[in-house]
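The values are calculated or read from the model by the stated rules, or taken from the named source; none is laboratory data. Bear in mind that the values here come from a model prediction, so they are computed numbers and not experimental data. All Cβ positions, glycine included, derive from the backbone under ideal geometry; neighbour counts span all protein chains shown. For the accessible areas, the whole protein counts, side chains as well, though only heavy atoms, and no ligand, DNA or RNA atoms are used. Shrake-Rupley method; radii C 1.70, N 1.55, O 1.52, S 1.80 Å.
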Amino acid sequence: MRDRPDDVDEGLLRPALRAWEVRATTLDYAPVGFGDYHWVAGDGGGRRWFVTVADVRRRTFDGLALAMETAAALREQAGLGFVVAPLRASDGTTLRRLDRHRYAMSVFPYAAGAAGTFGDELTASERGAVIDLLAELHATPPPLPTPPRPPELAGRGVLESCLGEPDRPWLGGPFSEPAGELIAEHAGTLRRRLAELDRLAGTLGEPVVTHGEPHPGNLLCADGRWSLVDWDTVGLAPPERDLWLVAGDPGDLARYAEATGRTPDPRALAFYRLRWALDDVAEFVEWLRSPHARTPDAEQAWTGLAGILEELRAAS
C-alpha cells in the first residue's frame, strides 16, 4: 500500500519482532503492493527482514495462517528454493496477531533481487524461466494441509448488490459518486461477463498446488535466478490459475505441457483471466464506496476500476 496506515501502531512492531528474535534498530515503511502493509526492519549489523502486516478483517486469520504454513512447508519440506517463505517465530508459527482484532504480522527474509510491477511484460526467456518454476510447483505433492481455492468469484455478492441497487447512493468519499456512475454505465457488460464466467466454470480440471498471483510484481530475479514472493493466495486449484498470468504465446504453453505432461485448457485460461478482472472490479468497488480520502491508494483504485471496466466492455 502506498498510504501509510493511520491505525497501525508502529510502536507494536519492534516488540512483536522479538518473537522472531529480531532486535530491530531501524524500521522503514515500504510503500509497495496493494492490500497489505510492509516495513523493512534492520538490526544495525547489516541484517534485514521484510515485515508484512495484514488486515485480517478482509480475510480470516486462520485462512492466512494456513497459506503461510503451506508456503513454509513448500520450502522446508518440498525443498522448493524459489519459494520466499515466511520465517518461523520462536514458537514455530508463521503468523502472529499484532493486536486483538484487526492486524496480524508475518516476517520474511529480505530477499535480494530486482522486482517488477504488475503489468510488466516479460521476455520470452523470462517467461520460460517462470513457466519452469510453475511446472515444478504444480508437480509438487500438496503439503498437509493446503487450502483449497474454489473457483467461485469472491466478490460476486458485491457486484450483484451494485447491479441490483443501481439507485443506491455511494457516499464514502470523493471517488464514490463517479465510481457508482461508472458501474451503472457498465452494468450490462458486468452481467454478460458474470454469465460467461458461469459457463466457463464447467471447464476446469483437477487441482494442483498453485501460487495464485505469479505476475511480475511477485517475481524477484537475482544473478539469473528467479524467486516467487507473496504466497497469501497459495492453494489447490487448476494450473491455469497461475498460467494465464505468465503464458504469452503458444510456445509457453507447449513448454509447460512438455514439462508436466498436462496440456493447459484455453477455456480454463479464459476463466481465470475473467475471474481476476471481475474480482478486481469488486475489490475496487468495495474500496471506493467505503470511507476514503483523495489518497494515492484511492487514486489507484479509481484508475484501476475505470481501466478494467473498459477492458471488460471491449472484450465482451
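Whole-Å semi-axes of the stretch 57-100's equivalent ellipsoid, largest first, each the root of 5 times a Cα gyration tensor eigenvalue? Please report the intermediate quantities before stating the final value.
Details: eigenvalues 88, 29, 11 Å².
Equivalent ellipsoid of the stretch 57-100: 21, 12, 7 Å, largest first.
With all distinct Cα pairs included, what does the Kirkwood hydrodynamic radius of the stretch 172-316 come out to in Å, to one decimal, could you say? Don't skip to the answer; put the middle values down first.
Working: mean 1/r = 0.0586 Å⁻¹.
Mean inverse Cα-Cα distance, inverted, gives 17.1 Å.
Please report Rg (one decimal) and Dmax (integer) in Å for the Cα set of the stretch 111-179.
20.3, 50
Return P(r) of the stretch 62-188 (all Cα-Cα pairs; 10 Å bins starting at 0; whole %; ordered from short to long distances).
All Cα pairs, binned at 10 Å, distribute as 9, 24, 26, 24, 16, 1 percent.
What translational diffusion coefficient, to the nearest whole µm²/s, does the stretch 1-114 have by Stokes-Einstein, given a Kirkwood radius computed over alpha-carbon pairs, a temperature of 4 °C and 1.567 mPa s viscosity? Can you show the working numbers first?
Working: Rh = 14.5 Å.
In µm²/s, the coefficient rounds to 89.
Report the Cα-based extents of the chain along its three principal axes, largest first, to the nearest Å.
Answer, in whole Å and largest first: 57, 51, 33 Å.
Report for the chain the percent antiparallel among DSSP-assigned beta bridges with both residues inside it, nearest 5.
Counting only bridges with both partners in the chain, antiparallel ones make up about 95 percent.
Taking the Cα centre of each part, how many Å lie between the stretch 199-275 and the stretch 96-131?
16 Å
Normalised by the residues of the stretch 44-108, what does the relative contact order come to in percent, with Cα pairs under 8 Å and at least six apart? Mind showing how you got there, number by number?
Values: 81 pairs, mean separation 28.2, N = 65.
The normalised contact order for the stretch 44-108 reaches 43 percent.
Normalized C-alpha radius of gyration of the stretch 28-76, against 2.2 N^0.38 Å?
Numbers: Rg = 13.1 Å, N = 49, 2.2 N^0.38 = 9.7 Å.
Ratio of Rg to 2.2 N^0.38 Å for the stretch 28-76: 1.36.
Can you give the alpha-carbon Rg of the stretch 232-316 over 2.2 N^0.38 Å, where N counts its residues? Don't jump to the answer; show the numbers that get you there.
Details: Rg = 16.3 Å, N = 85, 2.2 N^0.38 = 11.9 Å.
Rounded to two decimals, the normalised Rg is 1.37.
Sort the following peptides by mean Cβ neighbour count (other Cβ atoms within 10 Å, averaged over residues), highest first: 257-263, 91-97. Let's see the in-between values first.
On the way: 257-263: 13.3, 91-97: 15.3.
Top to bottom by mean Cβ count within 10 Å: 91-97, 257-263.
Just grab the label-to-label distance for residue 259 and residue 120, each label 7 Å out from Cα along the Cβ direction, in nm (one decimal).
The answer from the label model is 1.8 nm.
What figure, in Å² to the nearest 10, do you get for the accessible area of residue 287 with a 1.4 Å probe and non-protein molecules left out?
Surface open to solvent at residue 287 totals about 80 Å².
Please report, as a whole percent, how much of the solvent-accessible surface of the chain comes from carbon and sulfur atoms (probe radius 1.4 Å). Display every interim value, and only then the final one.
Working: 7800 of 15380 Å².
Answer for the chain: carbon and sulfur cover 51 percent of the accessible area.
Run the dipole for the stretch 51-183 about the Cα centre, Lys and Arg Cβ at +1, Asp and Glu Cβ at -1, nothing else charged, and hand back the magnitude in debye, nearest 20.
In debye, rounded to 20, the stretch 51-183 gives about 580.
Does the stretch 152-231 come out rounded, prolate or oblate by the C-alpha gyration tensor, with a ≥ b ≥ c the root eigenvalues, rounded set by a/c under 1.5 and, if not, prolate when a/b is larger than b/c and oblate if not?
On the way: a/c = 3.37, a/b = 1.63, b/c = 2.07.
Oblate, because a/c is 1.5 or more while a/b does not exceed b/c.
How far apart, in nm, are two points set 7 Å out from the Cα along the Cα-to-Cβ line at residue 10 and at residue 201?
Taking the simple label geometry, residue 10 and residue 201 are separated by 4.4 nm.
With a 1.4 Å probe and all protein chains in place, put 162, 221 in order of accessible area, largest first. Mind showing how you got there, number by number?
Values: 162 15, 221 40 Å².
Correct descending sequence by accessible area is 221, 162.
Averaged per residue, what accessible surface does the stretch 189-316 expose to a 1.4 Å probe, in Å²? Please list the in-between numbers first.
Details: 5670 Å² over 128 residues.
Per-residue value: 44 Å².
What FRET efficiency would be calculated for the residue pair residue 163, residue 111, taking the C-beta separation as r and a Förster radius of 30 Å, to the nearest 0.05? Can you show the working numbers first?
On the way: r = 42 Å, r/R0 = 1.39.
It comes to 0.10.
Apply 1/(1 + (r/R0)^6) to the Cβ-Cβ distance of residue 43 and residue 226, taking R0 = 25 Å, and write down the FRET efficiency to the nearest 0.05.
On the way: r = 28 Å, r/R0 = 1.11.
Rounded to the nearest 0.05, the efficiency is 0.35.
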